[in-house]
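The values are calculated or read from the model by the stated rules, or taken from the named source; none is laboratory data. Remember, predicted model here, so these are calculated numbers, not experimental data. Here Cβ is always computed from backbone atoms with ideal geometry, including for glycine, and neighbour counts include all displayed protein chains.
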Amino acid sequence: MIKIGVTGAAGRMGKTLIEAVANAEGVELTAALERPESSLIGADSGELAGLGKNGVVIAGDINEVVDQFDVLIDFTAPVATLANASVCAAAGKKMVIGTTGFTPEQEQQLLANQDKTALCKAANFSTGVNVTLKLLRQAAEILGDDYDIEIYEAHHRHKVDAPSGTALAMGEAVAAGVERNLRDVAIYGREGQTGARKRETIGFATVRGGDVVGDHTVMFMADGERVEISHKASSRMSFARGAVRAAAWIAGQDAGLYDMQDVLGL
């Protein structure tokens with residue numbers, strides 16, 4: 001039985017992860033973490049998730065529970081994830097990382113841990129999204145430079161980073177398909193007299209509002225036709241199930257960096 005720890009246990013994603021672990025075979029929840037200042041430290045994580053008592057109380061310090069899990073699933077914020085990764089790497093504990101919004105420097109700091117332990121990091125752990133990423137690259141390779149590429153994404157009002165990590169992953173997929181460097185061609189907003197669109201650019205449009213879980217659409221547009229490839233999430237459970245699947249998979253892997261494409265064999 002693979003022992004799983006979950007961060008942000010009192011939040012919406014944390015509660016969904018706790019439920020996903022409870023419903024999965026071959027894994028068990030053995031640790032749950034929250035911010036040290038949370039008033040919910042010491043509460044039963046199962047009760048908070050609406051599942052009834054599971055005996056796993058919420059801790060505020062990863063050092064108190066690092067010996068209780070094999071894999072930590074972390075969907076929090078960059079600073080918290082970096083701190084958790086440092087502790088996990090030192091203890092040889094593996095991680096599934098769904099946190100987005102890292103700066104290049106933070107990303108480099110995070111990935112330095114791959115020499116000590118196995119990390120599975122992805123912008124999105126949904127199986128559907130990862131199949132979509134594969135389809136996007138294939139579409140870009142086939143459609144080529146004759147099509148303008150634009151990416152639209154929408155999320156709930158509480159999301160703090162933009163564009164979403166998933167939108168950026170989609171941008172990387174299509175950029176690879178047309179042999180461009182996304183950093184060189186990405187346009188993250190348009191305002192004023194921008195002039196005619198340059199064919200090589202890849203545009204991003206970001207919407208925030210309400211309780212949208214996650215909508216993403218990539219448009220390939222040419223004279224006379226438009227191809228759209230979309231993924232719409234209606235529940236965080238799709239992300240949570242994928243993360244638990246990744247945790248079960250990475251438990252058997254050697255130190256290194258992996259992503260959901262590796263988990264799914266794509």
From the list Phe125, Phe75, Phe69, which one is over 20 Å from Gly256 (Cβ atoms), touching a residue at least 12 places away in the same chain (Cβ under 8 Å) and buried (at least 17 other Cβ atoms within 10 Å of the Cβ)? Phe75
Of all residues being farther than 15 Å from Ser86 by Cβ and among the polar types (S, T, N, Q) in the range 109-136, which is modelled with the lowest pLDDT? Just the residue, please. Asn124
The range 29-70, residues that are more than 17 Å from Asn84 (Cα to Cα) and in a helix (DSSP H, G or I): Ser45, Gly46, Glu47, Leu48
If you check Ile250 against the conditions, is it aliphatic (A, V, I, L, M) and within 15 Å of Gln114 (Cα to Cα)? yes
Can you spot a residue in the range 182-199 that is aromatic (Phe, Trp, Tyr) and within 20 Å of Ala162 (Cβ to Cβ)? yes
Hey, can you tell me all the residues within the range 98-108 that are in contact with a helix residue (DSSP H, G or I) (Cβ under 6 Å, 6 or more places away or on another chain) and at pLDDT 95 or above? Gln106
Residue check, Gly8 modelled with pLDDT under 95, under 21 Å from the mean Cα position of the chain (by Cα) and outside any helix (DSSP H, G or I): yes
So which residues in the range 126-149 are hydroxyl-bearing (Ser, Thr, Tyr), out of contact with any helix residue (DSSP H, G or I) (no Cβ under 6 Å at 6 or more places or on another chain) and assigned to a helix (DSSP H, G or I)? Thr132
For the condition surrounded by fewer than 22 Cβ atoms within 10 Å (Cβ to Cβ), part of a helix (DSSP H, G or I) and touching an Asp or Glu at 6+ places or on another chain (Cβ under 8 Å), what is the one hit in Ala80, Ala85, Ala89, Ala167? Ala80
Looking at Glu228, Glu141, which one is touching a strand residue (DSSP E or B) at 6+ places or on another chain (Cβ under 9 Å) and charged (D, E, K, R)? Glu228
Selection within the range 208-266 - crowded, with 20+ Cβ neighbours inside 10 Å, closer than 30 Å to Asp145 by Cβ and β-branched (Val, Ile, Thr): Val218
Across the range 95-121, which residue is surrounded by the most Cβ atoms within 10 Å (Cβ to Cβ) among those that are over 16 Å from the mean Cα position of the chain (by Cα) and charged (D, E, K, R)? Lys116
